[in-house]
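Each remark here refers to the structure printed beneath this line.
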Amino acid sequence: MSKLSAVHTARVETVARATLSVKTSGEGFFEITRDVARFLEQVKARDGAVLIYLKHTSASLVIQENADPDVQTDLVTALKRAAPADAGWVHDVEGPDDMPAHVKSMLNGVSLQIPVAGGELALGTWQGIYVAEHRAHAHQREVVLQFIGACAQA
């Protein structure tokens with residue numbers, strides 16, 4: 001049986017935006033949870049939602065476990081199995097890892113929305129926010145952060 005908590009309401013008073021630059025070192029997961037939390041602190045976010053958007057087509061955004069790094073290792077392996085570099089892709093102008101990176105990005109997506117309650121990200125205990133880099137080499141990835149909601153009074 002389901003149970004609904006008490007309903008909390010807040011006026012949308014603020015729309016704040018910033019861009020986060022994330023340096024990746026090649027294929028893998030790069031946690032940005034603290035960066036997103038720092039953005040919310042800076043805008044004095046209280047209640048609302050943070051929208052996160054990655055401006056790339058060969059990387060993606062995910063919410064995943066952040067307690068055991070073996071999870072990220074296994075996820076990279078799973079994504080390689082889902083879109084292997086040697087699958088006979090037609091698009092290979094940027095190298096053999098480019099088309100598989102586009103497929104992996106399509107599977108994971110490039111945007112997230114997370115509730116913010118009492119100034120905190122409403123993530124589960126073991127959840128973290130990651131940029132998933134799908135290319136073999138280092139890249140500079142741009143992530144747009146946007147908070148919509150109510151902020152603490154200055």
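What follows draws every value from the coordinates through simple rules; no lab data is involved. Keep in mind it's a predicted model, so treat the numbers as computed, not measured. Every residue, glycine among them, receives a Cβ derived from its backbone with ideal geometry; neighbour counts consider all protein chains shown.
Miscellaneous remarks
- Between VAL144 and ASP70, the simple spin-label model (points 7 angstrom out along Cα→Cβ) gives 4.0 nm.
- Pairwise Lys count, the chain - Cα closer than 29 Å, eight or more residues apart or different chains: 8
- Ordering ALA10, GLN42, ILE52 by the projection of their Cα atoms onto the charge dipole of the chain, which places +1 on the Cβ of Lys and Arg and -1 on the Cβ of Asp and Glu, puts ALA10 at the extreme positive end.
- Where labels lie 7 Å past Cα in the beta-carbon direction, separation of THR57 and THR19 in nm: 1.9 nm
- Size descriptor for the chain, Kirkwood hydrodynamic radius: 16.8 Å (Cα pairs only, one decimal).
- Simple spin-label estimate for SER5 and TRP126 gives 2.1 nm between the two label positions (7 Å along the Cα-to-Cβ direction from each Cα).
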